[in-house]
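Novice: What follows is a single structure, and I will ask about it in a moment.
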Amino acid sequence: MKKLANYVQGRWQEGTGEGAVLFDPVLGTALASVSAQGIDMAAAYDFAREQGGAALRKLSYAERADLLAQVAQVLQANRDKYYDISLQNSGTVKNDTAVDVDGSVYTLSYYAKLGSKLSDGQLHLDGEADSLAKDKAFASQHVQVPVRGVALLINAFNFPAWGLWEKAAPALLSGVPVVAKPATATAWLTHEMVKDVVEAGILPEGSLNIVCGRPDGLMDALNGLDLVSFTGSADTAATLRQHPRIQHDGVRFNAETDSVNCALLDPEGSGADLLVREVVRELTIKSGQKCTAIRRILVPQASYDAVSKAIADKLQTISVGDPRNESVRMGSLVSAQQKKAVLEGIELLAGHCDVIFDGRNTPIQAESADHACVAPMLFGTRDPDGQALVHETEVFGPVATIMPYRDPEHAYALARRGMGSLVASVYGEDPVFLAQAALNLAESHGRVHVINSEVAKVQTGHGNAMPQSNHGGPGRAGGGQELGGLRALAFYHRLAAIQASPEVLAQLTAGS
Ligand code: NAP
């Protein structure tokens, strides 16, 4: 069985020991192993900062943007191979793989294009200079300069491709070297992409590194000027926040965590068809393993029965099983461990809610008994105020709960019981209601996706994190912020106020 090596200090290094094994979640076969045991993380970070960071900072934004475009080309050229790895290691159907793999190329290309328009000067002026003395004799100019530390990118198992590049693209464009630490269960795809990009020799040595597994010193060897961008569960984020490098030394930490997102139908029920279509899509894409997936469906009381039935009828038609089978529309969960966690979550909700569509009766089209496939489940509760569990429980699979609301204020209050989510979507035709709902939901959601029939054909999907839009949410969602165009670069820059004479301030941009 192949062992995936780690790429640090400009060379591939195999970890010691047997390491952790990666499996095919449908066939149950072992695919590869990973180990980062014995990797010297202090030396790895030093090399990244000193070689990678220095080389990246010598380039302009536009030059770094050009490197991103070249990376996107390499990924595009190897697309078929990535689809195959995804099929084997994540158990995904082609449409789901596209979100991850093609989403990576799109995101990289988007940042390449944005970056190509940035000024070639290495200073990012932040606003105008503010006068600190009479006649502007002394003034304050804010600047954004690239961080000189290293960015540790810790990712979740559900997006082994996009999860890396949506973080790495703004980091590299900013001139900051990255160390990727993919989730172990699906690390193969991330590893293969990094290998292809390293072999293509596009990026300066030390700027793109990867460790697979959990090396000693992953957090300890960071210093106070480094960054950690984390995606994963709220529990892991809470553990990492306690780490002395973050809690005490000031390592900047961005967390994208789990979220009990909602979809809201307008009080007249005019958006019912649009909502039903999107809920079914969200329940089935990547088998519901999306941090942005719809977990709660809020509908007016009068629509509860009809919408429940419409969703259930559509779920009835979804074929679940081995993605190698052409007739299968929804593939597997990523691992046996994940299947166990999802089945436990289903049991928990089943103890408190009505079962509206019971995927446990859906035949699974997979030959191996070891498959990690789970069919969609739709729960319902007519008492959304009394069922705290449905607002707090993220079952990270094809599971959602529908609930009735009395009036818009009640709906917004229920949405807020998610205690901060990545995304809410709203469906209807009345622009006044849609806009009011958007503003009411914006405070507790990083993104509000508003759909009427006018945009039905062009909309980008409730769960798709587009690089143009903010990705992240307050409270339980981690309090983080990613993407959103150039806003993503702020995390990889430091803000400083330069207080000086106008003549000196003018020199800040001289030659740019
Ligand atoms: P997880 O168990 O929290 O793991 C996330 C990452 O953290 C993995 O790379 C994991 O490595 C690493 N990790 C765990 N403990 C660590 C520690 N003590 N020190 C350093 N690294 C550590 O989450 P997951 O199970 O992979 O992903 C599912 C969760 O992620 C769901 O709750 C989902 O909502 C959330 N998620 C959120 C977003 C978002 O953008 N908000 C996106 C995707 C997923 P190992 O794999 O080696 O354990």
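Novice: Keeping every protein chain present and rolling a 1.4 Å probe, give me the accessible area per residue for the chain in Å².
Specialist: Here the per-residue accessible area is 40 Å².
Novice: Tell me which lysines have Cα within less than 26 Å of Lys113's Cα, excluding those fewer than 8 residues away on the same chain?
Specialist: The qualifying lysines are Lys58, Lys81, Lys167, Lys195, Lys457.
Novice: Report, for the chain, the % of DSSP beta bridges that are antiparallel, rounded to 5. Intermediate results must be reported in sequence, preceding the final value.
Specialist: Details: 26 of 71 bridges.
Counting only bridges with both partners in the chain, antiparallel ones make up about 35 percent.
Novice: To continue, here is another question. Taking 0.36 nm per residue of sequence separation and subtracting the Cα-Cα distance, how much length would be gained by fully extending the chain between Lys81 and His248, in nm to one decimal?
Specialist: Working: separation 167, 0.36 × 167 = 60.12 nm, distance 4.31 nm.
Separation in residues times 0.36 nm, less the Cα-Cα distance, equals 55.8 nm.
Novice: Find out how many positive minus negative residues lie around Glu268, taking Lys and Arg as positive, Asp and Glu as negative, among other residues whose Cβ is under 11 Å from that of Glu268. Intermediate values should be presented prior to the final figure.
Specialist: Values: positive: none; negative: Asp266, Glu429, Asp430.
Local charge sum for Glu268: -3.
Novice: Relative to the first principal axis of the alpha-carbon coordinates of the chain, what is the inclination of helix 304-315, with its axis defined by its Cα atoms, in degrees from 0 to 90 and to the nearest 10?
Specialist: Orientation of helix 304-315: about 80 degrees from the principal axis.
Novice: From the phi angles alone, apply the Karplus equation (6.51, -1.76, 1.60; θ = phi - 60°) to the stretch 32-43 and give each ³J(HN,Hα) in whole Hz, x where the residue is Gly or Pro.
Specialist: 6, 10, 10, 8, 10, 5, x, 6, 7, 5, 4, 5
Novice: HN-Hα J couplings of the stretch 161-171 from phi, Karplus 6.51/-1.76/1.60, θ = phi - 60°, integer Hz, Gly and Pro as x?
Specialist: Coupling constants for the stretch 161-171: 8, 4, x, 6, 6, 5, 8, 5, 4, x, 5 Hz.
Novice: Could you work out how much longer the chain between Gln37 and Asp220 gets when fully extended? Use 0.36 nm per residue separation minus the Cα distance between them, nm to one decimal.
Specialist: On the way: separation 183, 0.36 × 183 = 65.88 nm, distance 1.45 nm.
Full extension from Gln37 to Asp220 adds 64.4 nm.
Novice: At what distance in nm do the modelled label points of Glu14 and Gln337 sit from each other, each positioned 7 Å from its Cα along Cα→Cβ?
Specialist: In this crude spin-label approximation the distance works out to 2.3 nm.
Novice: Let me ask you something else. Please give the Cα centre distance for the stretch 52-127 versus the stretch 390-405, rounded to the nearest Å.
Specialist: The two parts, judged by their Cα centres, are 33 Å apart.
Novice: For the chain, what's the radius of gyration and Dmax over Cα atoms, in angstrom?
Specialist: That works out to 23.7, 80 Å for Rg and Dmax.
Novice: In whole percent, and with a 1.4 Å probe on the protein chains, what portion of the accessible area of the stretch 262-471 is carbon and sulfur? Display every interim value, and only then the final one.
Specialist: Details: 4190 of 8380 Å².
Percent of accessible area from carbon and sulfur atoms in the stretch 262-471: 50.
Novice: Still on this structure, please answer the following. What is the log10 of I(q)/I(0) for the stretch 280-331, computed with the Debye formula using one identical point scatterer on each Cα and no solvent, at q = 0.18, 0.29, 0.31, 0.32 Å⁻¹?
Specialist: So the normalised log intensities are -0.67, -1.12, -1.17, -1.19.
Novice: Same structure again: So how far apart, in nm, are the two label points at Glu128 and Gln301 if each is 7 Å from Cα heading toward Cβ?
Specialist: Modelled inter-label distance: 5.5 nm.
Novice: Test of understanding: what is the full-extension gain from Thr460 to Asp273, defined as 0.36 nm times their sequence separation minus their Cα-Cα distance? Before the final figure, lay out each step's value.
Specialist: On the way: separation 187, 0.36 × 187 = 67.32 nm, distance 1.67 nm.
Full extension from Thr460 to Asp273 adds 65.6 nm.
Novice: Towards the positive end of the charge dipole of the chain, with charges on Cβ (+1 Lys, Arg; -1 Asp, Glu), say which of Tyr412, Ala500, Phe396 has the farthest Cα.
Specialist: Most positive-ward Cα: Ala500.
Novice: Follow-up. Which FRET efficiency value, to the nearest 0.05, do you get for Asn361 and Glu63 by plugging their Cβ-Cβ distance into 1/(1 + (r/R0)^6) with R0 = 35 Å?
Specialist: On the way: r = 57 Å, r/R0 = 1.64.
The formula returns an efficiency of 0.05 here.
Novice: Now for a separate question. Would you please classify the overall shape of the stretch 262-471 from the alpha carbon gyration tensor, given that a ≥ b ≥ c denote the square roots of the eigenvalues, rounded means a/c under 1.5, and beyond that prolate means a/b larger than b/c while oblate covers the rest? It would help to have the intermediate numbers written out before the result.
Specialist: Working: a/c = 1.72, a/b = 1.50, b/c = 1.14.
Since a/c reaches 1.5 and a/b is larger than b/c, the shape of the stretch 262-471 is classed as prolate.
Novice: Evaluate Rg over Rh across the stretch 133-251, taking Cα atoms for both radii and Kirkwood's formula for Rh. Let's see the in-between values first.
Specialist: On the way: Rg = 17.1 Å, Rh = 15.7 Å.
With Rh from the inverse mean 1/r over Cα pairs, Rg/Rh is 1.09.
Novice: Hey, what number do you get for the chain at 222 nm if only DSSP H runs of n ≥ 4 count, each worth -39500 (n - 2.57), divided across all residues, to the nearest 500?
Specialist: Numbers: 16 runs with 176 residues, N = 512.
One gets -10500 deg cm²/dmol as the mean residue ellipticity at 222 nm.
Novice: Same structure, new question: Picking from Thr184, Gln141, Ala336, whose Cα lies most toward the positive end of the charge dipole for the chain (charges on Cβ: Lys, Arg +1; Asp, Glu -1)?
Specialist: Gln141
Novice: For the stretch 98-165, take N as its residue count and report Rg(C-alpha) divided by 2.2 N^0.38 Å. Walk me through the numbers before you get to the answer.
Specialist: Working: Rg = 18.8 Å, N = 68, 2.2 N^0.38 = 10.9 Å.
It is 1.72.
Novice: Quick one: work out the % antiparallel among DSSP beta bridges in the stretch 262-471, nearest 5. Please list the in-between numbers first.
Specialist: On the way: 3 of 28 bridges.
Looking only at bridges with both residues in the stretch 262-471, the antiparallel portion is about 10 percent.
Novice: Another question, then. Between Ala438 and Asn325, how high is the FRET efficiency from 1/(1 + (r/R0)^6) when r is the Cβ-Cβ distance and R₀ = 45 Å? Nearest 0.05.
Specialist: Details: r = 41 Å, r/R0 = 0.90.
The formula returns an efficiency of 0.65 here.
Novice: Roughly what angle does helix 336-350 make with the longest principal axis of the chain, taking Cα atoms, 0 to 90 degrees, to the nearest 10?
Specialist: Its long axis makes an angle of about 50 degrees.
The values are calculated or read from the model by the stated rules, or taken from the named source; none is laboratory data. Note that the coordinates shown come from a computational prediction; the quantities given were computed from them, not determined experimentally. Virtual Cβ from ideal backbone geometry, glycine too; neighbours counted across all protein chains shown. Only protein heavy atoms, including side chains, enter the accessible area calculation; ligands, DNA and RNA are left aside. Shrake-Rupley method; radii C 1.70, N 1.55, O 1.52, S 1.80 Å.
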